[in-house]
Amino acid sequence: MIHLINVIGARPQIIKAAAIHRAIANHFREQIREVIVHTGQHYDHNMSRVFFEELGIPQEDVNLEVGSLSHAKQTAAIMTRMEDLLLEGKPDAVVVYGDTNSTLAASLAAAKIHIPVIHIEAGLRSFNKTMPEEINRLVCDQVSTLLFAPTKTAVDNLVHEGFEIESGKPYSIDRPGIFLSGDVMFDNTLYFGTLAEQHEGKLNTFGLRKGEYALVTIHRDNNTDDPRRLSQIFQGILELSETAQLRCLVPLHPRTAKILNSSFNEDLLKNIRNSRWIRITEPLSFLEMSLCEKYARIVLTDSGGVQKEAFFHRKPCVILRSETEWVEIVASGTAALADADSRKIVELSLGFLKNPPQEFPAFFGEGDSAGFICRKIIDSF
Ligand code: UDP
């Protein structure tokens with residue numbers, strides 16, 4: 001029996017961990033024992049707890065309760081608490097997801113005491129080291145023993161950085177195993193997309209009709225923490241909604257909500273609040289989000305996960321960043337980079353509304369990434 005500590009902390013990690021948990025519970029109970037550790041990085045009900053209930057993940061075994069802190073303080077707090085836990089629990093490996101401070105801290109704490117790190121969503125690069133996430137990814141990949149890359153591009157990035165693809169067993173931090181696994185978020189979309197259909201009636205509660213609205217999310221700190229960028233984005237959404245007479249649903253991340261309510265352009269905020277087209281809500285649950293993605297006409301986002309989910313649901317996506325780790329969706333013409341430029345946001349969106357993309361190639365695997373990852377873990381330890 002392999003003993004894994006599965007580390008979650010932020011919303012997207014809880015969602016990714018759900019796919020692994022489902023695979024273990026359904027197929028690998030006899031081989032893998034999973035202990036869930038929540039770092040407490042996200043703690044609001046609608047950023048954390050709601051996902052456990054909906055995605056069928058058991059209550060975490062341990063919560064490190066670090067809460068919201070500066071990058072260094074948060075990383076340090078997670079590392080300190082994680083080290084004690086690892087020394088006590090002595091797992092065979094630690095599983096980390098994505099690119100948050102929880103990913104960075106847990107992987108450093110584990111690697112320093114020689115506990116193998118398994119990184120799910122390895123090899124992604126934005127090539128923009130001003131993003132805290134880019135630093136987290138780079139460091140985590142360097143100290144991992146098994147690296148599960150969701151796309152061919154992610155594998156190529158690792159190869160360019162000097163990782164050796166053919167290093168056979170036994171894997172170690174110095175000779176890690178690199179695998180093209182597909183994307184566990186695609187597993188989730190397939191699994192929950194059908195479930196979301198059963199809640200179709202809920203679109204009414206948001207004042208939306210199938211295929212007649214844009215779904216918008218904004219939460220990256222270089223957008224929220226820069227008043228000029230945030231104003232440009234909202235200006236673009238306002239103009240787009242009026243020009244195309246398109247309803248826009250904007251479920252707001254707590255960080256974005258805080259900025260809007262404290263230090264945002266007052267006139268623009270008034271226009272947004274008075275707009276008959278724009279509806280701002282609390283963060284959605286995953287099923288609500290899947291439903292809104294499934295029936296949107298277009299998605300505008302700076303989220304990594306939401307970009308991909310737009311693609312999984314075959315929707316065009318305007319990316320509110322200057323670059324993306326998910327380069328294949330841009331190269332295939334199903335998504336476009338508008339950065340925080342109101343003119344580009346409007347133009348690119350209108351282009352997609354007029355000519356929606358038709359081809360969404362299978363860049364992200366077949367929908368059984370979690371099964372693949374579990375089999376490789378069992379085979380490797
Ligand atoms: N998500 C959600 N409710 C929301 C916004 C996002 O359930 O109101 C989900 C979304 O479907 C995706 C994940 O959160 O699965 C993406 O997380 P986020 O945008 O916070 O982070 P990122 O992917 O950029 O790291």
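For segment 78-178, the calculated P(r) over all alpha carbon pairs, in 10 Å bins from 0 to the bin holding the longest distance, is 17, 50, 28, 5 percent. Applying the criteria of a DSSP loop state and at most 15 other Cβ atoms within 10 Å to the trypsin sites (Lys or Arg not before Pro) of segment 15-121 yields ARG29. If you take the square roots of the eigenvalues of the alpha-carbon gyration tensor of segment 165-289 and sort them as a ≥ b ≥ c, do you get rounded (a/c under 1.5), prolate (a/b over b/c) or oblate? Note, shape of segment 165-289 comes out oblate.
Remark: the GLU200-LYS129 segment gains 21.5 nm on full extension, using 0.36 nm per residue and subtracting the alpha carbon distance. Under 18 Å from a label point set 7 Å out along the Cα-to-Cβ vector of GLN358, the amide N atoms of segment 290-326 belong to 314-317. Here the chain is treated with +1 on each Lys and Arg Cβ and -1 on each Asp and Glu Cβ, and its dipole about the Cα centre works out to around 820 debye. Is the chain best put as rounded, prolate or oblate by its Cα gyration tensor, with a ≥ b ≥ c the root eigenvalues, rounded for a/c under 1.5, and otherwise prolate when a/b is larger than b/c, oblate when not? Here the chain falls in the prolate category. Segment 95-147 and segment 282-302 have Cα centres lying 27 Å from one another.
Put a plus charge on the Cβ of each Lys and Arg, a minus charge on the Cβ of each Asp and Glu, and nothing anywhere else: the dipole of segment 8-161 about its Cα centre is then about 180 debye.
Projecting the Cα atoms of GLY98, PRO361, VAL7 onto the dipole axis of the chain, where Lys and Arg carry +1 and Asp and Glu carry -1 at the beta carbon, places PRO361 farthest toward the positive end.
Approximating the spin labels as points 7 Å out from Cα along Cα→Cβ, the ASP225-to-GLU282 distance works out to 2.7 nm. For segment 1-128, rounded, prolate or oblate, judged on the Cα gyration tensor with a ≥ b ≥ c (square roots of eigenvalues), a/c < 1.5 rounded, else prolate if a/b > b/c? Rounded shape, in that the Cα axes give a/c under 1.5. In segment 96-164, taking the dipole from charged Cβ atoms about the Cα centre, the farthest positive-side position among LEU124, ASN136, THR151 is held by ASN136.
Rounded to the nearest 0.05, what FRET efficiency do GLU30 and VAL159 have when you use their Cβ-Cβ distance and R0 = 41 Å? According to the calculation, E is roughly 0.70.
Across segment 294-368, Cα-Cα pairs farther apart than 16 Å form 42% of the total. Computed from point charges on the beta carbon alone (+1 for Lys and Arg, -1 for Asp and Glu), the dipole magnitude for segment 93-229 about its Cα centre is near 180 Debye. For the chain, the longest principal axis of the Cα atoms and the long axis of helix 184-197 meet at an angle of about 50 degrees. Distance between the 7 Å Cα→Cβ label points at VAL330 and SER262: 3.1 nm.
Run the simple label-point estimate for SER172 and MET1 please: 7 Å along Cα→C-beta, distance reported in nm. A separation of 2.9 nm, rounded to one decimal place. Dividing the convex hull volume of the alpha-carbon atoms in segment 63-114 by its residue count gives 74 Å³ per residue.
Each reported figure results from applying straightforward, stated rules to the coordinates on display, with no laboratory input. Quantities reported herein were computed from a predicted structural model and do not represent experimental measurements. When we count neighbours, we look across all protein chains shown, and the Cβ atoms used for this are built from the backbone with ideal geometry, even at glycine.
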